[in-house]
Structure formats: structure tokens, C-alpha cells
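Below you'll find the structure, written out as C-alpha cells, and then a few comments.
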Amino acid sequence: MAAVEADLEACQGYANCVVGADRYFDIDDDGVVVLLRIEVADEDRRRVEEAVRSCPVSALKVTDA
Amino acid sequence: MTRTLIVGASVGGVRTAQALRGGGYDGEIVLIDLETEAPYDKPPLSKALLTGSAVPDGIRLLTPEQAGAARIDLLLGLRAVGLDPRARVVAFDDGSSLGYDRLVVATGGSARRPPWATTDGVHLVRTLADAAGLRRDLAAGGPLVVIGAGFVGAEVASTGRRLGLDVTMIDAQPYPLSRSLSPDLARAVLALHENAGVRCLMGAGVSGVAGSRGRLTVTLDDGTELKAATLVAGIGAAPSDGWLATSGLTLDDGLVCDEHCRAVGTTDVYAVGDVARWFDLARGRHVRVEHWTNAVEQAAYVAHAIIDPRSPRPYRPVDFVWSDQHHWKIQVIGDATGPAATAILGDPMADQRFAALYADEHGRLRGAVVVNWPRALVRCRKAMRETAAWRDLTADLHTAVGRAGA
């Protein structure tokens, strides 16, 4: 199953990922991404990958475990 | 095998190619750009590239290796010069041509060149080469004069101060960012720049520039003369649609598209990013949007439409743009224009963080400006999608302000 990873140092809190897939991503009070779940269900994969590609600082990626 | 040809490899073109492959498109994907540089991201050009905190290889959108792995044929250094939509062929400046089953126009825009920008030492900021040249001149010292106080100009002015330069910013409008922000917020942005040591000459026009790199003289409409080592013109961009002039497609400050981002009168030509003027159902008119997030969302939309042409959902984005200026991260969601914000949480003139909210005539959130406040940004971006009740949103944010102040 695929998994999502976040680079917390790179994150700038734009929240594009939250808009794209709010079951997977949130932003905390300091403006850093919070992963609400790690494993990406097959039926969510395209949506999560789109959210990952919408990050302005490329702080996210989906990898195949 | 079918072929999708994407002309333009900035973020809109690159993300279309990636979304096609990621979405299971099995045809050929050809991605073409007139630049010889591997595709790169543009927002850092007016910020991190100028200070040196980012380097060109740190802002690549797609390396040749990544393109190969995704089976994207990346062809660089080719300029599209013509399109025959009936024959489904694009012609290039080297005399070659390429056919397609689906065409995605992603040629972006180019920085407007002012009439007086004829001497060296006058910079535009649109390409990696532009940023490299400007960085070299800024490293030689100020003064820096920036003409145009839109997003690019205001960011370059901010970067100039970060580099310790003497900076003057000039605009014909009374405030910076006046096309995107209501005057009450734009006034706060003016104060931000002035407090950071930028000399702001608003309501002023430039009548001429003389001299050369390192020793320029800028003459304003009222006769004032300013000395500058380097001058940057950030006076907007024009869509790169000239190559479509003889195609028979409808052009009107961009390629005119329907609500599905398809060029009017075609079923197989799409447009994404700065060059696309599509019919936006939410606004009830054709619009062209020059922001990064729109290019990315439009790319995902068009890739879906190519993979599944039966998808009837029109393209209806919520605008989002960010800008880093001095110590402010300014984020604009939806429509923040008009005479004034409806409500402001925090004080833009005094607080380090605040949110300005804009209601439409039905009392729904139509836009927001958020500065340095991540929680409010997320709340407002969700609220724009959910058309949340105004009272719930402001109550939420008031609570958050109270907590922050405690």
C-alpha cells in the first residue's frame, strides 16, 4: 500500500494539501502540515497525489511501501 | 497510440503531464518548451533565487530523469510558431511539426516591457535567466528602484531590503497590490513597506530612464530624478498566445475557452495557466488568472478531462495567491477587492497577524486576506469551499484571536 510522507522543515503552511485532501492533511497552529493518516487507500491515491503535486514547496510525497 | 501534446513546461504544463500519467493515461505525452533549461518553478525567482537561499537546481519541476521515469517526452529549446487545429498539427521554429490527438496550450505569459526599458541595468523578472542577471546586479549594491508595486515588484522590493539595499518602489496607483486588495488592506501593505525602509512613491509615473547599468537616472512625471544602480520593472505580464494568431481559435487577452477549459469551437484543444481565459461559472464571465495554484488546479482538471472526457464537472476554482513581503506571509483567498473588508480580526497596522474577511451580497464569505496566521488560513480556505455561515466563521476566528491574545 502507498504511504504519504511530509518534510516538516520544508512546509510553509500554504494549505493547498488540505484543500485537496482534507482527510489526509491538516495544518497546525504553527503553520506546519499534520498527517492525519499515513497509508493511502487505493481509491484515494489519485486525489492524494494531486494534493501532493499542489504543494508550492514540494514538501509532500507518496511512496510505494 | 494516442498522443497528448503539451506546449509550455512551466508549472501548468508540467503538472498536466504528471497528472495525466498519475491518472492512468497510457498514451504518448510530449511536453515542449522554448527554453533550454529543464522546467523550473517561478515563485522563487523574485525571492529566494535573488538572495541566493535557493539555487536553480533546487527549483526544478521536472528533471530529465523524472520525465524519463514517467514516460514524458520532454523536448526543450523548441518554440511553437503555429497551430492548425483541423489538421491537429503544431509547427515549431526549427521547421519541424508534430501532430496530436489532444493539445494542451500552457505557454504562460511574458513580462510586459515598458517603453523606456531599453538600456542595460533594467530588469524584468520572468525567467531563470532574468533572475540570475538581476541577482548579479543586486550583489553589486544599490540603489534599487522598482517600478510597479504588484506582487512581483513588491516582492523584489522586499528582497532588496533583505539584501540591505536602498530601495525605492514606484507605482501609478495609490497603494501596492491595488488590483488584488481593497484599499484598507493595501494601505496596510504600504505601511509594511515603509516601516521596512522602502521609499514608496505612489501615484507616480515614470517618464524616462537614462544611463546604463550601475548609473541609471529615472525621471518621474513630475520631473523628480532618482539615481539607481539597478532598475526592476514589474508592470504585469501578457499571455503568450501570439503563436495562435493564425490558428483560427478565438483569442482575447489569452486563449478563449469554455467552462471545461476547452478552446471555444474545439473538442481537443485545452488551455491551462496564465494563457487560459476560460468561462468561470462562479463569476459568470471569462477570466484569466495568473496565479500558481490556479495553474496547478487547472492542470489537474484538464488531465482528468483528457482521461475521462465524459466528466461533466465544470472548472470552478477558488483563487488562492500567496506573497512573502518583509516579515509578512500574505495570503489572498477568493475575491478581496472592493471598497473595504467586511470584518477584520486583528489590526493590520499593529498586529503581526490578522485576517480580513469579505462578504458577498448574501452574507457569504467571498474572499479573505490572511497574514501570518495559519489556523485562520485553513479555516477560511475550507469556508470558501463549504460556503460556511458567516457567523460561524467569524465566531471561530474571534475565539482563535482571543486564545492567541491570552
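Quick look at the values:
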{"item": "Subset of region B:133-153 [farther than 19 Å from B:G109 by Cα and part of a helix (DSSP H, G or I)]", "result": "B:G133, B:L134, B:R135, B:R136, B:D137, B:L138, B:A139"}
{"item": "Leading residue by the ranking (surrounded by the fewest Cβ atoms within 10 Å (Cβ to Cβ)) among those in region B:144-202 that are within 19 Å of B:T337 (Cα to Cα) and polar (S, T, N, Q)", "result": "B:Q173"}
{"item": "Breaking point among (1) free of Cβ contacts under 8 Å to residues at least 40 places away in the same chain; (2) in contact with a strand residue (DSSP E or B) (Cβ under 6 Å, 6 or more places away or on another chain), for B:P317", "result": "(2)"}
{"item": "Qualifying residue in region B:377-397 (condition: β-branched (V, I, T), within 14 Å of chain A (Cβ to nearest Cβ) and within 21 Å of A:G31 (Cβ to Cβ))", "result": "yes"}
{"item": "Count of region B:135-157 residues which are farther than 28 Å from B:A276 by Cβ, out of contact with any Lys or Arg (no Cβ under 8 Å at 6 or more places or on another chain) and not β-branched (V, I, T)", "result": "9"}
{"item": "Matching residues in region B:197-240 - criterion: being polar (S, T, N, Q) and either closer than 30 Å to B:D253 by Cα or assigned to a loop (DSSP other than H, G, I, E, B) (or both)", "result": "B:S207, B:T224, B:S240"}
{"item": "Filter pass, B:G99 being assigned by TED's automatic domain parsing to the domain that holds B:L244, free of Cβ contacts under 8 Å to residues at least 40 places away in the same chain, exposed (fewer than 15 other Cβ atoms within 10 Å of the Cβ) and more than 30 Å from B:G197 (Cβ to Cβ)", "result": "no"}
{"item": "Search result, residues across region B:44-85 that are in a loop (DSSP other than H, G, I, E, B), loosely packed, with under 15 Cβ neighbours inside 10 Å and without any contact (Cβ under 8 Å) to a residue 40 or more places away in the chain", "result": "B:S53, B:V55, B:T63"}
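Yes/no matrix, rows are residues, columns are (1) within 14 Å of chain A (Cβ to nearest Cβ); (2) out of contact with any Leu (no Cβ under 8 Å at 6 or more places or on another chain); (3) in a loop (DSSP other than H, G, I, E, B):
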position	(1), (2), (3)
B:W278	no, yes, no
B:A282	no, yes, yes
B:H286	no, yes, no
B:N294	yes, yes, no
B:H304	yes, yes, no
B:V318	yes, yes, yes
B:K329	yes, yes, no
B:M349	no, yes, yes
B:L357	no, no, no
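The values are calculated or read from the model by the stated rules, or taken from the named source; none is laboratory data. These numbers were taken from a predicted model, which means no experiment stands behind them. Counting neighbours? That spans all protein chains shown, and the Cβs are built from the backbone with ideal geometry, glycine included.
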